[in-house]
There are 2 protein chains.
Amino acid sequence: MSAELTGIADGEAAGTGTLGKAMAVLEAVVMADGPQRFTDILAKSGQPRGTLHRLLSHLVEEGLLVQRRDLSYEPGLRLLTLASRAWSGNRFRDVAEPHLRKLHELTGETVHLGILRETEIVYVDKVESRQTVRMSSQIGKASPVYCTGIGKAALSLLPQPELERLVARMAFHAFTPHTHRSAETLLAEIADIRRDGHAFDREEHEIEIRCVAAPIRVSGSDLTAGISVTGPAYRVSMEQLTAWSGAVRAAAAAIGEEAAIRLGPGRGGP
Amino acid sequence: MSAELTGIADGEAAGTGTLGKAMAVLEAVVMADGPQRFTDILAKSGQPRGTLHRLLSHLVEEGLLVQRRDLSYEPGLRLLTLASRAWSGNRFRDVAEPHLRKLHELTGETVHLGILRETEIVYVDKVESRQTVRMSSQIGKASPVYCTGIGKAALSLLPQPELERLVARMAFHAFTPHTHRSAETLLAEIADIRRDGHAFDREEHEIEIRCVAAPIRVSGSDLTAGISVTGPAYRVSMEQLTAWSGAVRAAAAAIGEEAAIRLGPGRGGP
DNA sequence: AATCTCGTTCCACATATCGGAACAAATAAG
DNA sequence: CTTATTTGTTCCGATATGTGGAACGAGATT
């Protein structure tokens, strides 16, 4: 989780000028688990005191952060408002939704839609069995590519150079005993995925959780995405997942084609 | 330094330095109804060409915007990720949720939780009858205070000077024939709301939609919020709403007290 | 009272931003 | 086919803007 500090090799994680710094500070606060005091942020961000203070002031003035009575900082409501528009105006999710639903009816398990961003998969929609009213808890959540079905599926669509560029930037964290630990094993599996057209998550991100995923390519757009059917290991065997793989691939293909048509004029992927 | 700039007469968001400009541009794109081309944004933002171009580049580099093949700009996924954290880490919503649910069970109608931000109400949670899986469509949505039950209820908690400062900045847009058109009528109703402890929306925002709302004050925090029970006019009469008002006030009070206790150590309202 | 920690403010300095203007590439018009 | 227009990108000197070390003061701690 603190692999971001590694800017060394890459050299450009440092943030684009002023805006980059502001966003880094914002992220430090938002990604933290509770209200952050000035000193907390000071340590995480590494910015000098004066600079950080002004940065925070600006973020508060913009409504991106809120300062509480005890002077600590929290995420501001403006983030929600911006994201709300970003999400509801997203045509790609709109196109995919009926397909997700169909897949859920077929399998009875949770279905995810995710989009590739850099070295992560961002979940954009979810259809689940027990309809918790919650904002699907995971919408907007970003998970590493190398340990998720959708992630590996999406990677399989990338041209090899691009793939290798991304893989080089990954820090393989072992979430479970089955998580990929090296670029080699990951790249090997990607080759298989290219052949099969679908990917599995064999309890690589969370123990007892499996999934089968298929990549989505939208011709004419450069967005790379994927869908998956996820379930607990005790209920869904690998055989079961394999049996579903055809339906998942078909749904992914359908979404890709439909999106290619309807994404032109309207608002497209994220 | 910005105290005098942000304070009084100016209704324009002058934009706090560089970050302010960047956010203004971001908002212009995000709030638009589709992908925005350079020229579109140029017109809306009023920034000079060179400046705008650099601003957009930075926003894209930060993942806040995405540039499509046809060079037009769209909201980026990073917004979703940030908001996801901002929402799920929000303790206030967490505290309120069971009360919303109870209110829903009692009334059978949709229940909203909203927080006051400047001159708008931002919806933070929602419990509705037909559990659409969707990210409650309205979470994060911002509506004007003067035409929503929660908005008017929240206003009723403000000290008079603060209230007048806000009212002075409102542009009364007539969404329906029943929408407040002037500060006078609004302020008059606020006085009533202070007396009654609850507010109604008499089809002021959307025709055929009514609600009863109560304000939430959290002692020790400076957040002002409210909850409401909303329903279609054909199903919920004003008498019905009045009958529910006691329960709504009670729920609001309970949320306020509980939040005051549990908001200290954890992450509070955004 | 003395010390420490934390947040805020100040100000000389440097640099990132600014924005007009030139440029290139499409698209439309003549 | 040539000329005009629109659209996006790049350049660069001037300067506004952000930078960050240091001083300040309010609370908490001893």
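The values are calculated or read from the model by the stated rules, or taken from the named source; none is laboratory data. Keep in mind it's a predicted model, so treat the numbers as computed, not measured. Here Cβ is always computed from backbone atoms with ideal geometry, including for glycine, and neighbour counts include all displayed protein chains. Side chains included, ligands, DNA and RNA excluded: accessible areas come from the protein's heavy atoms. Shrake-Rupley method; radii C 1.70, N 1.55, O 1.52, S 1.80 Å.
Helix B:91-107 and the long axis of chain B differ in direction by around 50°, with both axes built from C-alpha atoms. Once the Cβ-Cβ distance between B:GLN160 and B:ARG69 is put in as r, and R0 is 45 Å, what FRET efficiency do you end up with, to the nearest 0.05? About 0.25, to the nearest 0.05.
Between the helical axis of A:49-61 and the longest alpha-carbon principal axis of chain A there is an angle of about 60 degrees.
Taking 7 Å steps out from each Cα toward its Cβ at A:ARG202 and A:THR51 produces label points 4.7 nm apart. May I ask which of B:LYS21/B:LYS141; A:LYS21/B:LYS152; A:LYS152/B:LYS44; A:LYS152/B:LYS126; A:LYS44/B:LYS152 have a Cα-Cα span longer than 30 Å here? Cα-Cα > 30 Å for A:LYS21/B:LYS152; A:LYS152/B:LYS44; A:LYS152/B:LYS126; A:LYS44/B:LYS152; rest within.
Candidate cross-link partners of B:LYS102 among the aspartates and glutamates, defined by an alpha-carbon separation under 17 Å and a same-chain spacing of 8 or more, comprise B:ASP94, B:ASP125, B:GLU128, B:GLU257, B:GLU258.
Heavy-atom accessible area per residue, chain B, 1.4 Å probe: how many Å²?
43
Distance from the alpha carbon centroid of region B:21-70 to that of region B:184-244 works out to 38 angstrom. Taking 0.36 nm per residue of sequence separation and removing the Cα-Cα distance, the B:HIS173/B:ALA250 pair yields an extension gain of 24.5 nm.
Tell me whether region A:143-270 comes out rounded, prolate or oblate; compute the Cα gyration tensor, take square roots of the eigenvalues as a ≥ b ≥ c, and use a/c under 1.5 as the rounded threshold. Because a/c hits 1.5 or more and a/b fails to exceed b/c, region A:143-270 counts as oblate.
Summarising the amide proton neighbourhood of A:ILE121: residues at separation of 5 or more, or on other chains, whose placed amide H is nearer than 5 Å comprise A:SER143, A:VAL145. In this simple spin-label approximation, B:ARG37 and A:THR185 carry label points 7 Å from Cα along the Cα→Cβ vector, and these lie 5.1 nm apart.
For region B:161-270, with all protein chains in place and a probe radius of 1.4 Å, 55% of the accessible heavy-atom surface sits on carbon or sulfur.
How big is the A/B interface in buried accessible area, both sides summed, 1.4 Å probe, to the nearest 100 Å²?
Counting both chains, the buried surface is close to 6400 Å².
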